[in-house]
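Asks: Here it is, the structure, as structure tokens.
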Amino acid sequence: MGYYLSILATELIKVNRGAIELTGWGEMARICLRCKLYQKSVFQNGLRVITSSMPHIHSVSITIFIGAGSRYEMVDEAGTSHFIEHLCFKGTERRATAKEVSEAIEGVGGMLNGGTDKELTVFWCKVARPHFSLALDVMVDMLVHSKFDVQDMERERQVIIEELNMSMDSPQYRVNILIDEVLWPDQPLGRDVAGSKETVSTLSRDAILGYHARQYVANNVVVSVAGDIGHEEVLAGLSAAFDDRTQGAPRPWFPAQGSQEAPRLRLEHRDTEQAHLCLALRGLSYLHPDRFNLDLLNVILGEGMSSRLYLEIRERRGLAYDIHSYVEHFLDSGAVTIYAGVDLRRIDTAIEAILEELRRLKDGVPKVELVKAKEMAKGRLLLRMEDTRSVASWMGGQELLTGRILTVDEVVSIIDAIALEDLERVARELFTTENLNLAVVGPIAGEDRLHSLLQL
């Protein structure tokens with residue numbers, strides 16, 4: 001009997017030159033990820049399992065995604081998701097110490113780690129193919145049987161406080177935390193994922209166990225595996241561990257609050273050699289139809305050494321050593337953010353130069369630049385798909401957050417279809433004066449002066 005009795009439903013999907021045909025329930029789902037197949041199964045308790053077979057690769061990567069992060073936390077719980085992620089590495093009923101947990105994987109040459117973000121927590125492991133069963137056992141053991149020992153908890157509380165201290169001592173890191181507070185003030189989306197020293201210091205064991213019991217339920221978990229592995233082998237390995245896990249009612253994420261009607265500015269004085277700044281605008285969600293247009297705009301704006309920001313701000317003007325931009329998509333919001341570390345005496349010039357590059361994007365993009373950006377975006381995506389961990393993360397992250405896995409071919413087709421007028425339209429809609437936000441860390445004064453620069 002085994003795991004087949006616990007599978008609620010799987011769908012068979014055929015892909016033929018990009019056309020997707022739904023042929024019914026009860027079969028394994030097989031979708032082409034450009035010469036790679038993935039299969040998806042759902043256990044009766046809601047656990048989702050996705051695999052991608054990469055038979056010519058020597059490694060297997062396991063990623064486990066949980067719907068837990070700072071967006072699921074009340075004010076007094078801030079940092080709980082991150083705390084739990086740390087504690088899961090500190091020992092289980094069968095592997096009593098952090099040393100035993102890490103040695104189980106590192107002893108066979110593998111890698112084991114985790115991370116917490118605003119909308120998900122992920123645990124991942126990459127091992128050589130012969131050690132797949134061991135890796136899966138270790139990861140499930142961590143998630144299901146962690147001890148949450150009182151002494152371990154107190155030690156790790158101090159570790160996290162030092163992690164927070166470290167981030168405060170890094171102005172480049174600090175300004176990226178600060179810009180989130182400016183973009184989404186007084187709400188979970190704008191909080192540091194790690195919480196604060198005040199909340200981490202007061203989190204009780206009962207509160208942590210309660211949060212874990214609520215969020216780490218089977219129907220709030222996605223297991224994604226990629227490498228030289230078969231779907232049935234993964235299901236068999238998970239069946240014994242998760243078949244008896246019950247469904248639950250995990251807390252949903254807190255939606256983004258408020259709109260913006262005027263530029264916002266936040267200065268934090270630090271005795272540094274540089275001024276570290278983030279200039280950001282609210283962007284688009286995962287599900288917004290224009291999200292790929294914004295991604296491509298960002299490639300042109302600030303990704304890589306051939307981007308507009310790099311060539312203008314660093315190469316031509318010599319205003320910054322590090323200048324780049326990045327896009328974030330969340331379930332109901334998003335942002336495009338530009339970071340730069342600049343000379344204290346030239347911060348006004350740097351801000352004006354960055355704003356000028358945003359204005360130029362609103363005037364349209366030459367066709368040759370659009371073609372280059374498309375090839376860069378597609379090339380980086382395809383190169384990522386050669387790594388088992390990237391493939392596992394690609395599948396599992398999409399499944400947890402959106403419930404739909406776009407194939408690589410689908411994304412490539414979307415990118416190819418983007419037109420010049422799409423980029424100009426999105427730039428004009430998003431790159432506006434009232435949507436500007438600025439955070440600066442450094443020995444900078446003149447808040448009114450800097451605020452007056454925020455014009456598009």
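Asks: In the range 419-454, which residues are in contact with a Pro (Cβ under 6 Å, 6 or more places away or on another chain) and assigned to a strand (DSSP E or B)?
Replies: Those that are in contact with a Pro (Cβ under 6 Å, 6 or more places away or on another chain) and assigned to a strand (DSSP E or B): L436, V441.
Asks: Say whether the condition of being under 30 Å from V225 (Cα atoms), assigned to a helix (DSSP H, G or I) and touching a Phe, Trp or Tyr at 6+ places or on another chain (Cβ under 7 Å) is met by at least one residue in the range 382-390.
Replies: Checked the range 382-390: at least one residue is under 30 Å from V225 (Cα atoms), assigned to a helix (DSSP H, G or I) and touching a Phe, Trp or Tyr at 6+ places or on another chain (Cβ under 7 Å).
Asks: Looking at E312, E273, E261 in this structure, which one is within 30 Å of V371 (Cβ to Cβ) and surrounded by fewer than 18 Cβ atoms within 10 Å (Cβ to Cβ)?
Replies: E312
Asks: Here is a follow-up. In the range 108-138, what residues are among the polar types (S, T, N, Q) and over 13 Å from the mean Cα position of the chain (by Cα)?
Replies: Across the range 108-138, the qualifying residues are N113, S133.
Asks: Which residue, of S41, S81, S52, is assigned to a helix (DSSP H, G or I), in contact (Cβ under 8 Å) with a residue 12 or more places away in the chain and polar (S, T, N, Q)?
Replies: S81
Asks: Counting residues that are under 24 Å from A240 (Cα atoms) and touching a residue at least 40 places away in the same chain (Cβ under 8 Å), which helices (runs of 4 or more DSSP H) fully inside the range 86-204 reach at least 3?
Replies: 132-145
Asks: Can you name every residue in the range 319-353 that is free of Cβ contacts under 8 Å to residues at least 24 places away in the same chain and surrounded by fewer than 20 Cβ atoms within 10 Å (Cβ to Cβ)?
Replies: Hits for the range 319-353 are Y321, R345.
Asks: Next question. Yes or no: the range 206-221 includes at least one residue that is closer than 30 Å to Q260 by Cα and part of a helix (DSSP H, G or I).
Replies: No.
Asks: Test of understanding: among I50, I64, which residue is of a type in the set (A, V, I, L, M, F, W, C), within 28 Å of R245 (Cα to Cα), touching an Asp or Glu at 6+ places or on another chain (Cβ under 8 Å) and at pLDDT 95 or above?
Replies: On inspection, the qualifying residue turns out to be I50.
Asks: Hey, another quick one. In the range 423-456, how many are farther than 18 Å from L183 by Cβ and touching a Ser or Thr at 6+ places or on another chain (Cβ under 7 Å)?
Replies: The total comes to 3.
Asks: Further question on the same structure: If you scan the range 214-234, which residues turn out to be crowded, with 22+ Cβ neighbours inside 10 Å and touching a Ser or Thr at 6+ places or on another chain (Cβ under 7 Å)?
Replies: If the condition is that a residue be crowded, with 22+ Cβ neighbours inside 10 Å and touching a Ser or Thr at 6+ places or on another chain (Cβ under 7 Å), then S224, V225, A226, G227, I229, H231, V234 are the ones that fit.
Asks: Can you find even one residue in the range 160-175 that is in contact with a helix residue (DSSP H, G or I) (Cβ under 9 Å, 6 or more places away or on another chain), within 29 Å of L436 (Cα to Cα) and of a type in the set (G, A, S)?
Replies: Within the range 160-175, one or more residues are in contact with a helix residue (DSSP H, G or I) (Cβ under 9 Å, 6 or more places away or on another chain), within 29 Å of L436 (Cα to Cα) and of a type in the set (G, A, S).
Asks: In addition: Restricting the range 276-307 to residues that are of a type in the set (D, E) and closer than 19 Å to N435 by Cβ, which is surrounded by the fewest Cβ atoms within 10 Å (Cβ to Cβ)?
Replies: D290
Asks: I need the full set of residues from the range 222-243 which are of a type in the set (D, E) and either free of Cβ contacts under 8 Å to residues at least 60 places away in the same chain or assigned to a helix (DSSP H, G or I) (or both), in order please.
Replies: Scanning the range 222-243 gives E232, E233.
The values are calculated or read from the model by the stated rules, or taken from the named source; none is laboratory data. The structure presented is a predicted model; accordingly, all values stated were derived computationally and were not measured. Every residue, glycine among them, receives a Cβ derived from its backbone with ideal geometry; neighbour counts consider all protein chains shown.
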